[in-house]
Amino acid sequence: MNTDPLEALLREALRQEVSSLAGSLGGLEERIAEELADRAPRRGWIDGLKQLAAPTRAARLGQVAVVAATAAAFLIVGAIVGKDLPLVGSRPKAESREAMLRATAENELLFVLPALHAEDVSVVGSFNDWEPTPLSDEDGDGIWTARVTVPPGRYEYAFVIDGRWWGQDPLADEYVRSFGEYSSVRYVGGGGDGV
Amino acid sequence: MQDEVTLLRASLQGETAAWGEIVTRYKDAVFGLCLGFLRNRADAEDITHDAFIRAYVNLRRYRLDKRFSTWVFTIAANLCRNRLRYRRTHPVFEVETDSGGGTDPAREVAREERHVHVREALERLPYAYRAPLVLRFYNDLAYREIGDILGIPEGTVKTRIHRGKAMLKEHLGEERDPS
Amino acid sequence: MTRWLLGILGVLGVILASAGIAGRAEIGLADFERVLSAIPVTASARALTALDRALRQEGFPATDVQRLFERLLATSAAAPDKEAVVLTIVAALEDDIPVDGLLNKAFEGLARGVSLGPLYQLLQQRLRILVEVRYLLFGKSIFRVSAGTTTSAGASALPAGRFDALLSQLGDAVGDYLESGGSPHDGQSIYQNTSARLTNLRGSVLVPADVDLVLGRVGPEDLTRVVLAALN
């Protein structure tokens, strides 16, 4: 069989690289099992808050100090208050975390915000002419969500929490300064060849 | 050796040990995919981990009609794409050193160098060309499956691979001497 | 009895369908006229001419423009300040500059409670940026054409919708960069921001070939020139 030497080289090069980096995968099964156990409904929902505030692990929060500080503020408030808060309702906590983790459908913006003791949380942005779309926290665990169907594109937005604007969503793709304040930005679709 | 469907059914019932077995079977393939797409070890580790978490969490949505590998690879590919998008606005300024071994015999070193060169050339390709090449020549997938994973038509996959190889050859220039 | 009902439904259906066929039947010139005289806008003849023309063009965001005017009307600012914002939009329409980005900024500003003076300044600057970016595209032989036009070799003719989408995103990226505090002299950074945005929108809002076209012809020095021209 006529093998293209470039193909063979590429194959070899990639395989060799993976086997030389085998250390990266050591203990992966255990780490995954641990994380999945953490997500089980029984555990405190504070872990859920941490998961929500740090969706893709270290790097993301580490990059934007301000965001980290704000998220930490939420976590601290949660830790202080959380112990006394009873688990509300019979719906397992895993469901609200899953809501965030569930692969979002095409053409959808999913907003998730931990906002304890907030009475009113909404999102304003370029997808709704900056008019509030309310988030809801049906099970009262302090985690507010909303789903908005949008065509693919770029969307700027901010949360309004009890009347105060907050523009540093940890789940954003990027941030911009607008009128002297932060806004969050997300992209839906794109980044390819129509993929 | 348990068959995959049994393991998946057990995983669905919360048996993390069964999922662990799935991870063991697919982790090299997923890691290789991520490393190929992202060309960054730390990101590849992150995304490999996240991909298996997300696949487990969404296991209910996996339909047995599609190949499981396609499904897992699609999750990984999507996460990679998101990470690349994020990296564009939050670049890491570490140089990814692609260093070979220390006291290898000359032939080993020469082969290592060729590997290094082709990986560097791969890194210089745009994502749209790099991804199909990785799926084809690392993961050994059929054109149809590559198309499913990347969400592009089979014909486009073939074109991209063809052009991708041409671009690699260009970047490699004289160095790509088959021996 | 049923035949009578069906008849009514049929008539209703025809009415609704023809409303849909009329295109932007939701918003008509009369709607604009009403809100403009309520503000009140003194240069209403000029405004209505521009709006009338715009209503006949594909992709004109009539509902959003109307909504902006109504929000302006609802603010407690002085009429001349409201008119200034209206006329910025009008000027863009007169010049065939896409207004989507301007509208979005205006909505955001109003929602944030920014006063109309600074908002007007910002919109004016964005409009100048859009104008300069358009000159840049023309200078790179990237043109906006309606169907059936031919161009010379080496020139790239994009249909109006695609050209406007590119222009809008480029203008927005540059505007965001400047308003975030970026230096107008740092062409590399302007270019980085701009190309990142275009690449992220490649395949969703922007045609991939168009993104490649622009990124292939426009460089950091071009963007510095655009920014400096818009600021002066």
- [ ] Check whether at least one residue in region C:130-153 is free of Cβ contacts under 8 Å to residues at least 40 places away in the same chain, among the polar types (S, T, N, Q), buried (at least 16 other Cβ atoms within 10 Å of the Cβ) and out of contact with any Asp or Glu (no Cβ under 7 Å at 6 or more places or on another chain), and report yes or no.
- [x] no
Task: Test: residue in region A:127-134 that is hydroxyl-bearing (Ser, Thr, Tyr) and surrounded by fewer than 22 Cβ atoms within 10 Å (Cβ to Cβ) - done: yes
Open item on the list: Could you list, ordered by first residue, the pairs with Cβ atoms under 8 Å in which the first is in region C:101-112 and more than 7 Å from chain A (Cβ to nearest Cβ) and the second is of a type in the set (D, E, K, R) and surrounded by 24 or more Cβ atoms within 10 Å (Cβ to Cβ), at least 6 apart or interchain?
Closed with: C:101/C:126; C:101/C:172; C:102/C:126; C:105/C:126
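Is there a residue in region A:150-168 that is in a loop (DSSP other than H, G, I, E, B), in contact with a helix residue (DSSP H, G or I) (Cβ under 7 Å, 6 or more places away or on another chain) and within 25 Å of residue C:68 (Cα to Cα)?
The first filter runs over region A:150-168 and keeps only residues in a loop (DSSP other than H, G, I, E, B), leaving A:150-152, A:162-163, A:167-168.
Still in the list and also in contact with a helix residue (DSSP H, G or I) (Cβ under 7 Å, 6 or more places away or on another chain): A:168.
Among the residues that remain, those that are also within 25 Å of residue C:68 (Cα to Cα) are: none.
No, the conditions are met nowhere in region A:150-168.
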Open item on the list: Could you list, ordered by first residue, the pairs with Cβ atoms under 9 Å in which the first is in region A:6-33 and more than 7 Å from chain B (Cβ to nearest Cβ) and the second is acidic (Asp, Glu), at least 6 apart or interchain?
Closed with: A:19/B:28; A:22/B:28
Open item on the list: Can you tell me which of (1) surrounded by fewer than 20 Cβ atoms within 10 Å (Cβ to Cβ); (2) more than 24 Å from residue C:204 (Cα to Cα); (3) in contact with a Ser or Thr (Cβ under 9 Å, 6 or more places away or on another chain) is the one residue A:113 doesn't meet?
Closed with: (1)
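Is there a residue in region B:100-117 that is closer than 28 Å to residue B:55 by Cβ, crowded, with 19+ Cβ neighbours inside 10 Å and at pLDDT 90 or above? Lay out the reasoning, then the answer.
Filtering region B:100-117 down to residues closer than 28 Å to residue B:55 by Cβ leaves none.
Checking region B:100-117: not a single residue is closer than 28 Å to residue B:55 by Cβ, crowded, with 19+ Cβ neighbours inside 10 Å and at pLDDT 90 or above.
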Task: Sole exception among (1) under 17 Å from the mean Cα position of the chain (by Cα); (2) farther than 24 Å from residue C:71 by Cα; (3) within 11 Å of chain C (Cβ to nearest Cβ); (4) modelled with pLDDT of 80 or more for residue A:114, by number - done: (3)
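From the list C:213, C:158, C:206, which one is aliphatic (A, V, I, L, M) and within 23 Å of residue A:173 (Cα to Cα)? So that I can check it myself, show each step before the final result.
On the way: C:213 fails: within 23 Å of residue A:173 (Cα to Cα); C:158 fails: within 23 Å of residue A:173 (Cα to Cα).
Step by step, each of C:213, C:158, C:206 is checked, and only C:206 is aliphatic (A, V, I, L, M) and within 23 Å of residue A:173 (Cα to Cα).
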Open item on the list: Could you go through region A:168-189 and let me know if any residue there is over 25 Å from residue C:169 (Cβ atoms) and within 11 Å of chain C (Cβ to nearest Cβ).
Closed with: no
- [ ] Those residues that are surrounded by 20 or more Cβ atoms within 10 Å (Cβ to Cβ) and either polar (S, T, N, Q) or at the interface with chain C (Cβ under 9 Å from one of its Cβ atoms) (or both), I need them from region A:145-159; list them, please.
- [x] A:153, A:154, A:156, A:158
TODO: Return only the number of the condition from (1) touching a helix residue (DSSP H, G or I) at 6+ places or on another chain (Cβ under 9 Å); (2) part of a helix (DSSP H, G or I) that residue C:182 does not satisfy.
DONE: (2)
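Hey, among the residues in region B:38-65 that are in a loop (DSSP other than H, G, I, E, B) and over 17 Å from residue A:19 (Cα atoms), which one's nearest to the other protein chains (Cβ to nearest Cβ)?
Restricting attention to region B:38-65, the residues satisfying the condition of being in a loop (DSSP other than H, G, I, E, B) are B:39-40, B:58, B:62-65.
Next, only the ones that are over 17 Å from residue A:19 (Cα atoms) stay: B:58, B:62-65.
Values: B:58: 6, B:62: 11, B:63: 14, B:64: 18, B:65: 18 Å.
Only one residue fits best here, namely B:58.
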- [ ] For residues that are over 20 Å from residue C:143 (Cα atoms) and away from every other protein chain (no Cβ under 12 Å), scanning just region C:190-221, find the one that is surrounded by the fewest Cβ atoms within 10 Å (Cβ to Cβ).
- [x] C:221
TODO: Would you mind stating whether residue B:133 is hydrophobic (A, V, I, L, M, F, W, C), at pLDDT 80 or above and assigned by TED's automatic domain parsing to the domain that holds residue B:39?
DONE: no
Task: Among the residues listed as B:85, B:41, the single one being closer than 30 Å to residue C:196 by Cβ, surrounded by 13 or more Cβ atoms within 10 Å (Cβ to Cβ) and at pLDDT below 90 - done: B:85
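The values are calculated or read from the model by the stated rules, or taken from the named source; none is laboratory data. Model, not experiment: these values are computed from the prediction. Every residue, glycine among them, receives a Cβ derived from its backbone with ideal geometry; neighbour counts consider all protein chains shown.
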